[in-house]
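J.: Next up is a structure, given as structure tokens.
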Amino acid sequence: MPPALNQGDGASEFRLTDRDFRYISGLIGEHAGIVLTDVKKDLVYGRLVKRLRAHGMRNFSDYCKLIERDTGGEEFEFFVNSLTTNLTSFFRESHHFDHLRNEALPELMQNPRRKLRIWSAGCSTGAEAYSIAMVVADVVPADWDVKILATDIDTAVLKIAKAGIYEAEFANKGLDSQRLKRWAQRDPTPGSDRIRIRDELRSMISFLPLNLLEAWPMKSSFDIVFCRNVVIYFEKLTQVKLFDRIGNQLAPEGFLYIGHSESLNKVSDRFMLIGKTIYRRKG
């Protein structure tokens with residue numbers, strides 16, 4: 001999770017011209033769909049200044065030239081990761097997990113195929129995917145074929161998600177004592193105040209890098225998709241295209257959970273609202 005930004009940090013140290021900002025905002029918009037208006041100039045400065053320091057550069061113009069040459073390379077990956085927002089927590093927007101436990105999973109368990117596929121799109125450091133897995137493990141019989149795909153464009157947060165190791169303070173904000181006892185164990189490293197998600201949950205989830213604007217490798221459909229607090233950074237047309245693709249990827253009458261400040265009103269007519277930011281794909 002990126003640290004809080006001090007927008008005035010080092011403001012006299014480097015020069016970020018309007019031209020450089022337009023190039024950076026255009027590039028991240030084209031590659032990741034993220035919209036950066038002029039009011040985000042200080043944010044861009046705060047996120048990228050470390051990369052300039054790492055390369056010993058004195059201005060953003062030189063950095064723009066570097067990422068132009070390095071598109072698809074290691075520095076471009078750092079660039080994208082730096083401008084991606086990754087605010088998350090365990091059981092964030094708890095009403096979604098209540099619905100998952102009490103409504104969605106019991107209905108899906110009526111299917112005789114005993115198979116369940118779930119996608120966490122924009123999974124950040126993994127708290128959402130592990131929260132889904134905890135609910136599934138509580139409700140779905142152990143002999144079911146359950147797979148959870150968790151994807152994100154930010155490769156740095158995916159490393160954290162795959163490891164499944166979190167600071168105790170972060171875990172305690174979303175996990176009660178019962179869940180902590182059942183699904184986590186203390187990191188054995190001397191002096192560590194971290195917890196590690198148990199292998200039983202980690203084995204249910206595949207964490208993979210994915211740019212939602214590019215081709216998707218998934219062949220089969222999903223019963224449930226979590227795509228929360230992702231499209232708020234996208235332009236309306238990009239949102240329209242994305243949810244149409246999600247509609248294609250979601251099974252008929254499958255469940256879709258979106259973020260608390262998001263809506264499909266005038267974005268997609270392929271889904272029916274059934275609860276607070278909870279939708280079903282129309283058949």
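J.: Any chance you could give the angle, 0 to 90 degrees and rounded to 10, that helix 41-55 forms with the longest Cα principal axis of the chain?
T.: Tilt of helix 41-55: around 70 degrees.
J.: Normalised by the number of residues in region 158-259, what is the relative contact order in percent for Cα pairs under 8 Å and 6+ residues apart?
T.: 25 percent
J.: Taking all pairs of distinct Cα atoms, average 1/r, flip it, and tell me the Kirkwood hydrodynamic radius of the chain in Å to one decimal place. Walk me through the intermediate numbers first.
T.: Values: mean 1/r = 0.0492 Å⁻¹.
The answer is 20.3 Å.
J.: Just from its helices, what would the mean residue ellipticity at 222 nm be for the chain, if runs of 4 or more DSSP H residues each count -39500 (n - 2.57) and the sum is divided by every residue, rounded to the nearest 500 deg cm²/dmol?
T.: Details: 12 runs with 113 residues, N = 283.
Estimated from H runs of four or more residues: -11500 deg cm²/dmol.
J.: Sticking with this structure for a sec: Please report the equivalent ellipsoid semi-axes of region 223-283, computed as sqrt(5 x eigenvalue) of the Cα gyration tensor, largest first, in whole Å. Display every interim value, and only then the final one.
T.: Working: eigenvalues 53, 32, 20 Å².
So the equivalent ellipsoid measures 16, 13, 10 Å along its semi-axes.
J.: Sticking with this structure for a sec: Taking the chain as the reference, fit the longest principal axis to its C-alpha atoms, fit the long axis of helix 127-139 to the helix C-alpha atoms, and give the angle between the two in degrees, 0 to 90, nearest 10.
T.: 0 degrees
J.: In whole Å, what are the extents of region 100-174 along the principal axes defined by its C-alpha atoms, from largest to smallest?
T.: Computed over the Cα atoms, the extents are 39, 26, 20 Å.
J.: Which angle between 0 and 90 degrees, to the nearest 10, do you get for helix 18-32 versus the longest principal axis of the chain when only C-alpha atoms count?
T.: With both axes taken from Cα atoms, the answer is about 20 degrees.
J.: Students often forget the sequence filter, so: which lysines lie under 28 Å Cα-Cα from residue 282 once same-chain residues fewer than 8 apart are removed?
T.: Filter leaves 115, 147, 219, 236, 241, 266.
J.: Could I ask something else about it? Accessible area per residue for the chain in Å², computed with a 1.4 Å probe and the full protein assembly in place, what is it? Walk me through the intermediate numbers first.
T.: On the way: 14270 Å² over 283 residues.
Accessible area per residue, the chain: 50 Å².
J.: Report the Stokes-Einstein translational diffusion coefficient (µm² s⁻¹, integer) for region 103-258, Rh taken as the Kirkwood radius over Cα pairs, at 20 °C with viscosity 1.002 mPa s. Please report the intermediate quantities before stating the final value.
T.: Details: Rh = 16.6 Å.
After rounding, the answer is 129 µm²/s.
J.: How fast does region 46-178 diffuse by Stokes-Einstein, in µm²/s, taking the Kirkwood radius from C-alpha pairs at 25 °C and 0.890 mPa s? Don't skip to the answer; put the middle values down first.
T.: Working: Rh = 17.4 Å.
It comes out at roughly 141 µm²/s.
J.: Can you compute the radius of gyration and Dmax for region 55-133, using only the Cα atoms, both in Å?
T.: Cα radius of gyration and Dmax of region 55-133 are 20.3, 63 Å respectively.
J.: With every protein chain kept in the model, how would you rank 41, 276 by accessible area, 1.4 Å probe, largest at the top?
T.: Working: 41 55, 276 140 Å².
Putting 41, 276 in descending order of accessible area: 276, 41.
J.: Turning to a different aspect of this structure: Ranking request for peptides 57-66, 139-148, 154-163: highest mean number of other beta-carbon atoms within 10 Å first, then the rest in descending order. Don't jump to the answer; show the numbers that get you there.
T.: On the way: 57-66: 16.9, 139-148: 13.8, 154-163: 18.5.
My ranking of the peptides, most packed first, is 154-163, 57-66, 139-148.
J.: Suppose a student asked you for the relative contact order of the chain, using Cα pairs under 8 Å spaced at least 6 residues apart; what percent would you report? Could you put the intermediate results ahead of the total?
T.: Working: 410 pairs, mean separation 47.3, N = 283.
Taking the mean separation of contacting Cα pairs over the length of the chain, I get 17 percent.
J.: For region 187-236, restrict the atom set to alpha-carbon positions and state the Rg and Dmax in Å.
T.: 16.7, 49
J.: Another question about this same structure. Pick from 26, 73, 259: which residue has the top mean-square fluctuation in a GNM of the chain where Cα pairs under 10 Å get a spring?
T.: Maximum fluctuation in the GNM of the chain, among the listed residues, is at 73.
J.: Follow-up question, since we're still on this one. Report, to the nearest whole %, how much of the accessible area of the chain belongs to carbon and sulfur atoms, 1.4 Å probe, protein only. Spell out each step's value before the answer.
T.: Working: 6980 of 14270 Å².
Exposed carbon and sulfur together represent 49 percent of the surface.
The values are calculated or read from the model by the stated rules, or taken from the named source; none is laboratory data. Source: prediction; values computed, not measured. Methodologically, a virtual Cβ is constructed for each residue, glycine included, from the backbone with ideal geometry; neighbour enumeration extends over all protein chains shown. Just the protein is used for accessible areas: all its heavy atoms, side chains included, with ligands, DNA and RNA removed. Shrake-Rupley method; radii C 1.70, N 1.55, O 1.52, S 1.80 Å.
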